[in-house]
């Protein structure tokens, strides 16, 4: 590979990361605005035109505050786990099937599962290294929840992989040119959307951050930059899960206005659920995964394998 190619790829990645960070910043603004209107109030509207500079103000405030390190924390691990969490959430974005300038993964979906599986460890270590009972409990809850829902996510994804017989995200657009997969596998699409909420620790499955019993959970001891990085990672994951849902079930990747509209609508759904539904009970969350989503996804997987053998 030529040096110019490598330089272009690096430049493309930098532009991508800047774009993702700006997207994440405005996703937080969208969330605060929507939650404001759901709760019949304005949301941030003072800074700039209708509060458009609010995310940047929050970022400056968080990164300029003093970082407090607990006395009995495991300092190095405590310090670096939010950074690794953030890096992992940005690495997944390299998966997007670009038409130019960047790498195209032939095993993209495997890479996605490797990165999300590693994300579990960062949450667990962040909870453990703080040396606080609340954060340890939050970390343990997050690990149990994320590992459980990764199983159902993998099985749902297996069904869509069997439809296209490839691990490359580029192929989804070709196979959905006539009909979207959401119409062919509607129950699985809904299970995926619900499981991705549990995977990203969002309401109604945000047990890792249960304020009512765990005082904000695994990130309770984090302040300033560490706190900001944890939440940047979370919102980056929400945006990527929305993108993945659009890729897999709603027509694949095409650089049109409709594609971005679909992406915003799925992100809006994540926020809408947060403003509407109360938190689940933890045993019900586990019951939902192992007794509902797992059998449904397994049965659909067997059905799609049967279709594939029959049609061959």
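No value in this document is a laboratory result; all are computed from the given coordinates. Values in this document were obtained by computation on a predicted structure and should not be read as measured data. Neighbour counts are summed over all protein chains in view; Cβ atoms, including those assigned to glycine, are modelled from backbone coordinates with ideal geometry.
Values computed for the structure shown
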{"read-out": "Computed helical MRE - 222 nm, the chain, DSSP H runs ≥ 4 contributing -39500 (n - 2.57), nearest 500", "value": "-23000 deg cm²/dmol"}
{"read-out": "Nearest 10 degrees, 0 to 90: helix 54-64 Cα axis against the chain principal axis", "value": "60"}
{"read-out": "Simple label model, 7 Å out from Cα along Cβ direction - residue 113 to residue 47, nm", "value": "4.1"}
{"read-out": "Stretch gain in nm, segment residue 254-residue 309, where the contour uses 0.36 nm per residue and the Cα spacing is subtracted", "value": "16.8 nm"}
{"read-out": "Kirkwood-based shape ratio for the stretch 68-311, expressed as Rg/Rh from alpha carbons", "value": "0.99"}
{"read-out": "Spin-label model distance (nm) - residue 272 vs residue 57, 7 Å beyond Cα toward Cβ", "value": "2.9"}
{"read-out": "Additional length obtainable on full extension of the chain from residue 174 to residue 37, 0.36 nm per residue less Cα span", "value": "45.4 nm"}
{"read-out": "Estimated FRET transfer efficiency when R0 is 22 angstrom, pair residue 166-residue 18 (beta carbons, to 0.05)", "value": "0.15"}
{"read-out": "Residue 265/residue 72 FRET efficiency (R0 35 Å; Cβ-Cβ; nearest 0.05)", "value": "0.15"}
{"read-out": "Isotropically averaged projected area of the stretch 1-141, using the convex hull of Cα atoms (one quarter of hull area), nm²", "value": "12.6"}
{"read-out": "Förster radius 45 Å - calculated FRET efficiency between residue 284 and residue 6, Cβ distance, rounded to 0.05", "value": "0.35"}
